[in-house]
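K.L.:
Please see the structure below; I have some questions.
The values are calculated or read from the model by the stated rules, or taken from the named source; none is laboratory data. Nothing here was measured: the structure is a model prediction, and the numbers come from that model. A quick note on method: Cβ atoms are made from the backbone with ideal geometry, for glycine too, and the neighbour counts reach across all protein chains shown. Quick note on the areas: whole protein, heavy atoms, side chains included, nothing else; ligands and nucleic acids left out. Shrake-Rupley method; radii C 1.70, N 1.55, O 1.52, S 1.80 Å.
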Amino acid sequence: MKTTKYFFIIYSFFFFIGLCRAQSLDEIRRLQDNRQSPIQNILHYLQSTNPKIISQALLAIANRQDTGAARFVIPFFSHANSEVRSMAYFAIGQLNDSTASPNLFERMPLEKNPKCRDLLFQALGKIGTKNDLRNVLLQAEKHEKSNIQLLSKAVARFAIRNIVDSSAVEILFNAIEAGKYDELAVYALMRMNVHSIENKKYEKILLRLLHHNNADIRMWAASLAGAVQNDAMLQQLLNSAKRDSDWRVRVNALRSLQKQYSEKSILSVTTLLTDSNEHVSLTAIQTLNNYVIRNHSSYDTSALRKILRDAKKYSSRQRGGAAKILLNSRNDELLREIEIVFAAADEHLQAEILDGIGKAQNISLLPLIFSSLESQESIILINAVTAYGNLLPLMTEKIDSFLVRILPLYQRKDAGISYTIGVVLQDSLFTRTLLRPYLAQIHTAFAAMKSPDDLEPMIELMHLFVSHNDTAAVPLLENLLSTDDYVIQKEASLALIQLTGKTFSMMKREDTYSNSFIVEDNQQYSGAVIKTTKGNIRIRFVQEAAPYSIAAFIKLCKNKFYDGTLFHRVVSNFVIQGGDPFGNGSGGPGYSLRTEVFPEVLYKRGAVGLASAGKDTEGSQFFITHCPTPHLDGRYTLFAYTDDFSVVDKIMIGDKILEILLLPKN
């Protein structure tokens, strides 16, 4: 009996300790999610003796990004527990406080744990100055020759922030020549945006990389090869654009060709306009368009007209791209043909043509814009407003008529349209004198907007009020200081300071939006299957990286929120993006999520992240990457991965999400 009694006491003690720890971890997550709670509430947990609690608190600090917390993070660089140290390095990288650089350099020769060293070097790349980059390179010369991967990560992080040094180019090329490298070394060189490579040794290395068996290395080498201006590299880029087995390499090779246009390269690009891979075809069309705009050159229009006319064989984007090039010609016959195509086109092609009219500033097609302003399709209205705005410099005497036509569109209460109007109104053409008679109408539209659905258009109009010194908007802005949306509170406060010269206090409210998402539900599901018109995309959740984002996604899936929505954005060899109920990039679920970042999840090919308009503005829109995108690491919530690349690669704008099915863990 005594043995049983003692066992029960010991068991109860450890159960209680485990329960307290679990409750502490949950509380830290809630404090991380609640951006308005004082940072001191999280700092309190750094006093714990439990490494898991300390690590969770450091992760919360990394996500909150309160720069004043850096001095509390630095002492943990030397903590006995490697998990604590790794999270401290990650946190300091997220805080963007360069004063911590000396502490990182101090730790560099002392830190032996591989994971910790990786995050230490990345942190230096995220927060360091140009002098810090030189010191990193100096340290590499002394101590890091055997580990070029660490150096590559640091150099890439510096380059993402436009901090580069010519000696880094030499070190990385020498490492590649010696065979001591991985794809990150080539990525780092590509990110340094080298404008000209004249070193013959480097040219030979690049030519070799363009035949590497790793597609990512070929892809980034193709981007870098545009810096070599000679016939041998031009021929190799043309070969890569035409024949590489990976379409992503072909796309990057085509983009590099834009850096060294020649008659030979353009003739080759023309043969790819009708390529069977739509990504390659679209990139070839864009390459030719840029060439025509830059050089005002004549060209054979037959392939473009073939694309424009054939609705069965070519997509709206391909046909729209062809139309954009033809719009630059000012040829009456071609313009008439475009008008005929426009009349029978779907909303996506009409939107593409409107975009082309604006960019080509083709004022003869202004009637198409006027008729499009009567459309019920959001995407057409957005492009019509933008195109109309682009034509205004050619008819400044008609700015009043523009405002009369455009401002009533605020009544549509469409965030995408409202945002577009707000952007156009900030053009210098709209002087205070011209806009003053219409400000009351703009104030009415602004007062009717609600965050978070109207977050972006509200911010644009706040910028407009400031630029026009519109003091009549002050009461409207004061009302926003008590809103539930912290982002709007902050923007309104900044606008009021600029308009009045006074400091305004934001009304703090307990931010409990995430409580509506049951994080415990995450444990029931391992991922989801996104059923699309091009096939199924199976994703697997990364539970520890983004618990609230996954909980929100699960809830939306259960409510059939995504069923029937479109992929509204596709950037070749970057991302596909969907999840917008409006289908134009401006919609969301009616709330904002907090950005969630985590050190061990990185944006590789097939990463699934949440789109945002800035930190802590995520909602329902998600994207899937075509290729590794390290510049997104630590900035955008990553909540899942997929291996269904063949389906992802086929998705184009207008393809539909039929439904999303959640996958139970068992």
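K.L.:
What are the radius of gyration and Dmax of region 534-642, computed over its Cα atoms and given in Å?
P.N.:
12.7, 34
K.L.:
Among Y562, I28, S298, whose Cα projects farthest towards the positive end of the dipole of the chain, with charges put on the beta-carbon of Lys, Arg (+1) and Asp, Glu (-1)?
P.N.:
Positive-most Cα among the choices belongs to I28.
K.L.:
Of all the accessible heavy-atom surface of region 84-151, with the other protein chains kept in place and a 1.4 Å probe, what percent is carbon and sulfur?
P.N.:
49 percent
K.L.:
In region 262-338, what percent of the accessible surface is made up of carbon and sulfur (1.4 Å probe, ligands and nucleic acids excluded)?
P.N.:
45 percent
K.L.:
Where a ≥ b ≥ c are the square roots of the eigenvalues of the C-alpha gyration tensor, would you call region 597-666 rounded, which needs a/c under 1.5, or, failing that, prolate if a/b is larger than b/c, or oblate?
P.N.:
Since a/c stays below 1.5, the shape of region 597-666 is classed as rounded.
K.L.:
Also, quick follow-up: Of L288, Y314, S276, which is farthest along the charge dipole of region 272-316 in the positive direction, counting Lys and Arg as +1 and Asp and Glu as -1 at C-beta?
P.N.:
Highest projection toward the positive end goes to Y314.
K.L.:
Any chance you could tell me what percent of the C-alpha pair distances in region 476-614 go past 24 Å?
P.N.:
The calculated P(r) of region 476-614 puts 44 percent of pairs beyond 24 Å.
K.L.:
Counting only protein heavy atoms and a 1.4 Å probe, tell me what percentage of region 416-510's accessible area is made up of carbon and sulfur.
P.N.:
On region 416-510, the fraction of accessible area on carbon and sulfur atoms equals 51 percent.
K.L.:
Please give the calculated 222 nm ellipticity per residue for the chain, where each DSSP H segment of at least 4 residues contributes -39500 (n - 2.57) and the sum is spread over every residue; nearest 500 deg cm²/dmol?
P.N.:
Computed mean residue ellipticity for the chain: -16500 deg cm²/dmol.
K.L.:
Please compute the per residue accessible area over region 334-416 with all protein chains in place, 1.4 Å probe, rounded to a whole number of Å².
P.N.:
On a per-residue basis, region 334-416 sits at 42 Å².
K.L.:
Here's a follow-up. Tell me, what does the Kirkwood hydrodynamic radius of the chain come to in angstroms if you use every pair of distinct C-alpha atoms?
P.N.:
Taking every pair of different Cα atoms in the chain, averaging 1/r and inverting gives 27.6 Å.
K.L.:
Then there is this: Is region 196-331 best put as rounded, prolate or oblate by its Cα gyration tensor, with a ≥ b ≥ c the root eigenvalues, rounded for a/c under 1.5, and otherwise prolate when a/b is larger than b/c, oblate when not?
P.N.:
oblate
K.L.:
Follow-up question, since we're still on this one. Quickly work out the L138-to-V571 label distance, labels modelled 7 Å from Cα along the C-beta direction, and quote it in nm with one decimal.
P.N.:
With each label placed 7 Å out from Cα toward Cβ, I get 3.7 nm.
K.L.:
Amide H to amide H, which residues 5 or more places from V608 or on other chains are under 5 Å from it, using H placed in the peptide plane?
P.N.:
Long-range HN contacts for V608: F639, A640, Y641, T642.
K.L.:
Can you give the accessible area per residue of region 198-241, in Å², using a 1.4 Å probe?
P.N.:
Spelled out: the 1.4 Å probe surface of region 198-241, per residue, equals 41 Å².
K.L.:
Now for a different question. Place a +1 charge on the Cβ of each Lys and Arg in region 292-388 and a -1 charge on the Cβ of each Asp and Glu, then give the dipole magnitude about the Cα centre in debye, rounded to the nearest 20.
P.N.:
420 debye
K.L.:
Report, to two decimal places, the Cα Rg of region 357-452 normalised by 2.2 N^0.38 Å (N = number of residues).
P.N.:
Taking the Cα Rg and dividing by 2.2 N^0.38 Å, one obtains 1.04.
K.L.:
In whole Å, how far is the Cα centre of region 429-468 from that of region 239-303?
P.N.:
Result: 41 Å between the Cα centres.
K.L.:
Rounded, prolate or oblate: which fits region 550-607, taking a ≥ b ≥ c as square roots of the Cα gyration tensor eigenvalues, rounded meaning a/c under 1.5, else prolate when a/b beats b/c?
P.N.:
It comes out oblate by the Cα gyration axes.
K.L.:
Using the structure shown, list the pairs from K306/K531; K313/K558; K450/K615 with a Cα-Cα distance above 27 Å, or answer none.
P.N.:
In this structure, K306/K531; K313/K558 exceed 27 Å between Cα atoms.
K.L.:
A follow-up question, please. With a 1.4 Å probe and all protein chains in place, put S152, S302 in order of accessible area, largest first.
P.N.:
S302, S152
K.L.:
What aspartates and glutamates does K534 reach when the alpha-carbon gap must be under 17 Å and sequence neighbours fewer than 8 apart in one chain are set aside?
P.N.:
E278, D563, D643, D644, D649, D655, E659
K.L.:
Now for a separate question. With an 8 Å cut-off on Cα pairs and a minimum separation of 6 or more residues, tell me the relative contact order of the chain in percent.
P.N.:
Relative contact order, the chain: 8 percent.
K.L.:
Using Cα positions and a limit of under 18 Å, work out the lysines in reach of K502, with same-chain residues fewer than 8 apart set aside.
P.N.:
Partners within reach: K490.
K.L.:
To continue, here is another question. Given +1 on the Cβ of Lys and Arg, -1 on the Cβ of Asp and Glu, and no further charges, what dipole in debye does the chain carry about its Cα centre, rounded to the nearest 20?
P.N.:
1420 debye
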